[in-house]
1. What FRET efficiency do you get for VAL278 and HIS781 if R0 is 22 Å and r is their Cβ-Cβ distance, rounded to the nearest 0.05?
2. Which lysines, if any, have their Cα less than 21 Å from the Cα of LYS542, not counting same-chain residues under 8 positions apart?
3. Between ASP264 and THR236, what FRET efficiency comes out of the Förster formula 1/(1 + (r/R0)^6) with R0 = 30 Å and r the beta carbon distance, rounded to 0.05?
4. Length gain on complete extension for the stretch CYS603 to VAL403, per 0.36 nm per residue less the alpha carbon to alpha carbon distance?
5. Lys and Arg at +1, Asp and Glu at -1: add these up for the other residues within a Cβ distance under 14 Å of CYS315 and post the number.
6. Based on alpha-carbon centroids, what's the gap between segment 630-707 and segment 109-152 in Å, whole number please?
7. Separation between the ARG638 and THR459 pseudo-spin-labels, each 7 Å from Cα along Cα→Cβ, expressed in nm?
8. Might you report the magnitude of the Cβ-based charge dipole of the chain about its Cα centre, with Lys and Arg at +1 and Asp and Glu at -1, to the nearest 20 debye?
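The values are calculated or read from the model by the stated rules, or taken from the named source; none is laboratory data. Bear in mind the structure is a predicted one, so any value in this text is a computation, not a measurement. FYI the Cβ positions are ideal-geometry reconstructions off the backbone, even for glycines, and counts take in every protein chain you see. For accessibility, only protein heavy atoms count, side chains too; no ligands or nucleic acids. Shrake-Rupley method; radii C 1.70, N 1.55, O 1.52, S 1.80 Å.
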Amino acid sequence: MMAVRAVNGGSLFRTAASPPLLTFGCRFRQFSSLPFRRNSELGLRFPFFCCGNQFLGYGGGLSRSVHSLVDCVMEELTAWRSRRRIRATVKLTTSGELLEDKLVNQEIEKGLLLEFKKDSDRVLLGVAQRPDGKKNWMVYDQNGVTSSIRPQQITYIVPGVENFDHAEISKFLQKAQENLDPTLLEIAWVELLEKNASVTAEELAEMIFGSSEPLASYCAHLLLSKDEVYFTVLATKGSRTIYGPRPTGQVHVEELLHKKLAKDAAEKELQDFVQLIVSAKAKPALAKPPKSSWMVDEKIQYKIESLEAYAIDACKSDEQRKTAGMILKAMGLTKTASSALNLLINIGYFPVHVNLDLLKLNILTDHSDEIIAAAESLLSDSSDSDEMNREDLTHLKVYAIDVDEADELDDALSATKLQDGRMKIWIHVADPARYVEPGSMVDREALRRGTSVFLPTGTYPMFPEKLAMEGMSLKQGELCNAVSVSVILHSDGSIAEYSVQNSIIKPTYMLTYESATELLHFNLEEEAELKILSEAAALRLKWRRQQGAIDTSTLEARIKVVNPEDLEPSINLYVENQADPAMRLVSEMMILCGEVVATFGSCNNIPLPYRGQPQSNIDVSAYSHLPEGPVRSSAIVRIMRAAEIDFRKPIRHGVLGLPGYVQFTSPIRRYLDLLAHYQVKAFLKGETPPFSAGQLEGMASIVNMQVRVVRKLSASSLRYWIIEFLRRQPREKKYRALILRFIKDRIAALFVVEVGLQASAWVSIGSQVGDEVEVQVEEAHPRDDVLYLKEVLRN
């Protein structure tokens with residue numbers, strides 16, 4: 001039989017009993033710098049062969065190059081037949097010999113160059129340094145890392161090496177990679193298959209390179225260990241492995257070579273990507289490539305997005321996970337989410353303070369072009385279906401009080417005293433339903449989001465920003481559409497009369513809580529309306545407490561981060577006291593509005609999201625020994641039952657001390673408030689509310705799931721930046737901390753007053769719940785959510 005086999009694009013014709021190629025005097029020239037030529041059409045590399053003094057190659061300037069190789073081979077073949085003997089250059093082990101003879105392991109000694117498995121995916125080259133215990137060895141690897149390895153981890157010991165200089169490992173590896181050509185294996189495969197012989201790496205090096213020197217042997221080892229086409233492992237003992245040629249039936253050359261070429265192309269793509277990563281990593285912070293540059297090429301985009309998905313534990317497929325793992329392996333990193341995260345930060349793809357939870361929880365941050373276009377269309381429509389039924393309340397002095405960084409304003413307040421001495425209050429609420437109809441595109445998007453997202457680093461609104469700010473939000477000195485709830489109070493603070501109506505208002509003041517508190521403190525005659533609001537708030541709080549309301553006011557941190565993508569962004573932190581006069585004023589008026597709307601809905605059988613919080617025998621007096629504020633509130637909140645919602649009738653809200661309650665005052669920020677607006681405004685028009693109780697329940701379940709996710713995100717983001725704030729403070733700085741409870745033994749849950757954060761620390765014997773202690777920060781690592789506090793003992 002005559003076999004035909006492809007060798008680097010040409011063909012060699014040989015009989016079934018042909019001698020080895022090396023017998024013909026064909027050999028590689030000087031292995032350490034093998035000459036290769038790249039075919040300009042195919043983009044492939046082919047080695048030069050030498051027969052006597054004649055060089056042979058593929059695709060060269062001589063048209064006779066391939067034919068010369070064949071002629072040379074055929075001439076030598078004829079001479080061999082006449083001599084009837086084989087001039088073999090290599091001694092091969094036939095199947096009749098024992099494999100064990102080849103499985104003799106070399107003892108590990110200092111200075112040996114060896115290959116070892118770092119983990120399940122990474123194989124590294126290193127130099128043995130010294131023993132580590134009875135069996136292990138300390139090894140200095142190609143990445144400059146010294147580690148202890150077990151003998152079982154060693155996959156190959158490069159022969160003929162003594163006292164290898166570890167500084168030369170990278171150069172050795174580079175030379176090995178440059179001289180690898182998997183197509184050479186086919187030559188050896190045919191020869192060994194005919195001989196039914198096994199082969200070691202050193203024997204293969206003699207066959208295809210004419211040498212078993214260290215570099216040649218390691219190249220042969222790499223070819224065999226990575227081969228999936230021609231050879232299979234017959235036996236392994238320690239670092240020694242014997243390979244055998246696969247049967248012809250298993251070697252579907254074209255198919256396997258096609259797979260091999262595809263695999264090689266993928267590896268080339270990976271290496272090119274790794275070079276981009278290495279280059280980006282080496283650049284200074286201000287010169288890092290922008291995130292958009294990684295999205296230009298489809299294949300690069302897939303790889304970078306695979307890394308991103310791996311970093312946030314959000315891989316969509318095994319292939320994406322595998323891709324990220326290969327990149328990390330190629331970079332010499334462990335396959336962990338933190339490795340992927342740090343790599344993305346080091347190349348500038350992620351900022352140092354990237355919000356991982358924002359990515360992990362898949363929070364919607366931007367609105368699509370389609371939604372923005374629909375929102376702008378709504379803005380351009382000046383029609384108002386409630387225009388004829390709006391009450392003109394522009395004569396009222398209107399106070400809008402909110403945090404100073406509020407982007408949109410949902411509510412405002414007015415007040416006056418009637419001739420009989422009773423107080424009349426107006427709670428004016430923005431009217432987004434004037435623009436958005438139930439079931440419209442913009443409404444469905446708001447339902448999907450459920451709520452606006454407020455983070456220290458920015459706000460992601462439920463509605464497109466332009467629609468929310470220019471159309472829906474209340475604005476100082478401008479005519480604004482609103483839904484106004486008016487209430488007349490009895491002298492004890494209970495509701496005497498109320499109304500709910502569409503209105504037009506003209507906000508007079510836009511105040512922060514701080515400025516409102518200052519105005520209350522000055523008690524100015526010209527701001528008598530603000531004083532009436534404060535008196536009404538105090539009266540309402542007293543009445544609610546008489547109805548069983550539980551005060552859970554505490555201290556709460558607020559943070560604004562400026563330029564969050566900077567290496568050291570500016571952090572503005574301040575702590576709000578929820579018992580502050582202005583905050584208490586606004587809180588009581590919002591609760592009053594919720595009670596009125598619940599009463600209005602109940603009297604008119606309107607399906608609404610009625611909120612309640614049943615309490616079972618909470619004896620507040622049992623906590624009266626605890627100081628008011630964070631300590632007492634924390635103890636009470638821990639035993640509260642979860643809130644409930646009914647969509648048909650009001651249910652008691654025990655914590656607020658109300659017979660019913662509906663959230664109504666933030667329809668631009670909260671979708672359930674917007675639902676309440678849809679229902680109430682339909683009734684005011686004399687129409688049937690758009691949603692039944694069952695439909696409301698279904699939508700509320702969607703919204704509440706999203707709201708829970710957003711609350712988790714807000715809490716983790718706030719905590720991250722508080723810990724980052726503490727990390728930057730001087731180590732010697734002291735903080736006041738209140739003992740909330742004891743967790744175990746002397747480990748106490750603390751409330752750090754200056755930053756409004758809960759943490760834990762050991763406290764001295766004799767300390768009690770409610771006591772104030774001094775603490776210092778020992779360690780603060782926001783990325784790992786680590787904060788270690790140490791009590792400062794007083795003299």
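1. With a Förster radius of 22 Å, E is 0.20.
2. LYS417, LYS424, LYS531
3. E(calc), rounded to 0.05, equals 0.75.
4. Extra length from CYS603 to VAL403 when fully extended: 68.5 nm.
5. +1
6. One Cα centre to the other: 64 Å.
7. For the pair ARG638/THR459, the computed spacing is 3.6 nm.
8. Using Cβ point charges on Lys, Arg, Asp and Glu, the chain gives about 3260 debye.
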